[in-house]
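Everything on this sheet refers to the single structure shown next.
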There are 2 protein chains.
Amino acid sequence: MCQLLGMNCNVPTDIVFSFEGFRRRAGLTDSHSDGFGIAFFEGKGVRIFRDEKPAALSPVADCVKQYNIKSLNVIAHIRKATQGDVSIVNTHPFIREIWGENWVFAHNGNLKELPDLSGCYCRPIGSTDSETAFCYIADQLKKRYCQKPSEDEIFAYIQELTKELAQYGTFNFILSNGEWMIAHCSTNLHYICRKAPFCQVQRVDDDGVIDFTNYTTKNDKVTIITTFPLTKNEKWTKMEHGGFVFFKDGEKIREVVGVRKELADDGTLGSAQH
Amino acid sequence: MCQLLGMNCNVPTDIVFSFEGFRRRAGLTDSHSDGFGIAFFEGKGVRIFRDEKPAALSPVADCVKQYNIKSLNVIAHIRKATQGDVSIVNTHPFIREIWGENWVFAHNGNLKELPDLSGCYCRPIGSTDSETAFCYIADQLKKRYCQKPSEDEIFAYIQELTKELAQYGTFNFILSNGEWMIAHCSTNLHYICRKAPFCQVQRVDDDGVIDFTNYTTKNDKVTIITTFPLTKNEKWTKMEHGGFVFFKDGEKIREVVGVRKELADDGTLGSAQH
């Protein structure tokens, strides 16, 4: 499987503190070493950095750290390959144009059977289940809505499509169009919405410390979504199976609460998922 | 206007020597300073680096230099904005999925009027004429051919679409799907196909020297396409107005020869272009 990291804020924010803990899981504190990618929205544009090397050791990841890029929406992914070889084409996050916007998607899970998209307008380029699932969502959205519908309609239809795809396996994902961020949980996904009063926090992966009061104003709102919590001394919300959250400007705007499920020893839903 | 750089080879090749001369034109030897981008194909995947800063000064361009990424197909662009503000979303090269492949496109020119794509499946995200023209090509290709046709059919239809778009202004471009590279000239585009015996060459922009015999084998074929020649002591082929070249594995495979046109003082076709 893989791990996911997303950030949605109301002011352009630097994700380096979170990313530096997260990337250690790709080769140092965990084994998600089959490449990484990170996408930063800048308005409607996206900067995307990928490497097939482990994020913990990648010079591209060092480059990301140096620039301190500030963004309202960021999605990162460290890969442990299940389907598709280790290569740039199979590296998340994936990106497609929908209604004149960049949509960025990253997945943690494994989908065993998926619709055939060979005749569709939007097709996968690599060989992952993840990109195929994203293309299916993009294609269905474009087919139903020729022009961009309301956020409520988008959120509702993505839930419908997700239920269909989640029949095929584990489907934790983060999706953003640069305005909002949607997170769906099958097995493991956590989030925290930080706002004033900010405090000092410590990373799980290397004990690194930051005092957010030095970097924020009282109006800042910053949501971090990730597979497993990145800090020790904060209260992360664990999402449950089938849970959906819609974040905008650093806040939770819409939510569908999931149901608690016992996971198998390997962290999956076990045979019950199919 | 802008400047273009493309490389198409039969062995993965490092573009640093050419790119280091080219990027000087973005702030040092010339004024194409409104951002840059460079896309490297790796199989069907693409690594793409962009910055809205001038390429000559950009830390992202420094990063590109450090990695010495080897690729069969590379497209780079330095921008001097005509339409669309200076931002990541308006930075070439643009990328779209066509028939399950990444297609990468960069444009030098200015198209004054273009078809409305607001109801189309493939739409521009930013506000440049260049991205709109590329989306028009992508949309028409997908509409005519549900599955990928032959290279001859692709080359023929792209010529037809280009003639249509070139009515609206200057349309020099480079386009690649990671297998081949197509170059079209309205005003300024030059290329060179290097093969054994390789020699020592000197850059135009800073007199930097390289001896290709130290980096090549006798079977290597490397084509470089660019707005204005990058080296002094080589014979570059100047493309003429309406000229098309199709390169594959570092060689010229198909060609439509253009016609010689006198350019206006500003390097454009003057009023005759409309």
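The values are calculated or read from the model by the stated rules, or taken from the named source; none is laboratory data. These figures come from a predicted structure and were not determined experimentally. Note that each Cβ is placed from the backbone with ideal geometry, even for glycine, and that neighbours are counted across all protein chains shown.
Some observations on this one:
- Test result for residue B:249, in contact (Cβ under 8 Å) with a residue 40 or more places away in the chain and surrounded by fewer than 17 Cβ atoms within 10 Å (Cβ to Cβ): yes
- When each of B:268, B:237 is tested for being at pLDDT below 90 and either over 28 Å from residue B:24 (Cα atoms) or of a type in the set (Ser, Thr, Tyr) (or both), the lone residue that passes is B:268.
- Only one entry of A:45, A:21, A:35 meets the criterion of being over 14 Å from the mean Cα position of the chain (by Cα) and at positive phi, and that entry is A:35.
- Given (1) within 16 Å of residue A:72 (Cα to Cα); (2) in contact with a Cys (Cβ under 9 Å, 6 or more places away or on another chain), number of the condition residue A:240 does not satisfy: (1)
- Some residue of the stretch A:173-191 being of a type in the set (S, T, N, Q) and in a helix (DSSP H, G or I): no
- Any chance residue B:194 is surrounded by 13 or more Cβ atoms within 10 Å (Cβ to Cβ) and either under 16 Å from the mean Cα position of the chain (by Cα) or within 27 Å of residue B:152 (Cβ to Cβ) (or both): yes
- Only a single criterion out of (1) touching a residue at least 60 places away in the same chain (Cβ under 8 Å); (2) within 14 Å of chain A (Cβ to nearest Cβ); (3) aliphatic (A, V, I, L, M) is not satisfied by residue B:175, namely (2).
- The set of residues in the stretch B:192-213 being of a type outside the set (A, V, I, L, M, F, W, C), more than 21 Å from residue B:24 (Cα to Cα) and assigned to a loop (DSSP other than H, G, I, E, B) consists of B:197 alone.
- Single match in B:165, B:175 (criterion: within 15 Å of residue B:108 (Cα to Cα) and in contact with a helix residue (DSSP H, G or I) (Cβ under 6 Å, 6 or more places away or on another chain)): B:165
- Qualifying positions in the stretch B:217-259 - among the hydroxyl-bearing types (Ser, Thr, Tyr) and within 17 Å of residue B:107 (Cα to Cα): B:226, B:227
- Of all residues making up the stretch A:94-119, the number that are touching a residue at least 60 places away in the same chain (Cβ under 8 Å), out of contact with any helix residue (DSSP H, G or I) (no Cβ under 6 Å at 6 or more places or on another chain) and either crowded, with 20+ Cβ neighbours inside 10 Å or within 11 Å of chain B (Cβ to nearest Cβ) (or both): 7
- Taking the criterion of being among the aliphatic types (A, V, I, L, M), touching a strand residue (DSSP E or B) at 6+ places or on another chain (Cβ under 7 Å) and more than 29 Å from residue A:259 (Cα to Cα), the residues of the stretch A:189-223 that qualify are A:201, A:209, A:210.
- Looking across the stretch B:16-46, the residues that are part of a loop (DSSP other than H, G, I, E, B) and more than 17 Å from residue B:189 (Cβ to Cβ) come down to B:27, B:28, B:29, B:33, B:34, B:35, B:43, B:44.
- The residue of the stretch A:69-93 that is surrounded by the most Cβ atoms within 10 Å (Cβ to Cβ), among those that are among the small types (Gly, Ala, Ser) and in a strand (DSSP E or B), is A:76.
- Of the residues making up the stretch A:1-46, those that are closer than 22 Å to residue A:220 by Cα, surrounded by 21 or more Cβ atoms within 10 Å (Cβ to Cβ) and among the aromatic types (Phe, Trp, Tyr) are A:19, A:40, A:41.
- Residue that is farthest from the other protein chains (Cβ to nearest Cβ), among those in the stretch A:39-76 that are under 17 Å from residue A:128 (Cβ atoms) and out of contact with any Leu (no Cβ under 6 Å at 6 or more places or on another chain): A:75
- In the stretch A:47-65, residue surrounded by the most Cβ atoms within 10 Å (Cβ to Cβ) [restricted to those that are part of a strand (DSSP E or B) and in contact with a Pro (Cβ under 9 Å, 6 or more places away or on another chain)]: A:50
- Just one residue in the set A:174, A:158, A:137, A:154 is in contact with a Gly (Cβ under 6 Å, 6 or more places away or on another chain) and at pLDDT 95 or above; that residue is A:174.
- The set of residues in the stretch B:219-233 that are at pLDDT 95 or above and surrounded by fewer than 19 Cβ atoms within 10 Å (Cβ to Cβ) comprises B:219, B:220, B:228, B:229.
- Being within 12 Å of another protein chain (Cβ to nearest Cβ), surrounded by 20 or more Cβ atoms within 10 Å (Cβ to Cβ) and not in a helix (DSSP H, G or I) holds for only one residue in B:135, B:122, B:146, and it is B:122.
- Residue match in the stretch A:203-217 (condition: of a type in the set (Gly, Ala, Ser) and touching a Lys or Arg at 6+ places or on another chain (Cβ under 8 Å)): no
- Some residue of the stretch A:136-147 being aromatic (Phe, Trp, Tyr), touching a Leu at 6+ places or on another chain (Cβ under 9 Å) and within 18 Å of residue A:96 (Cβ to Cβ): yes
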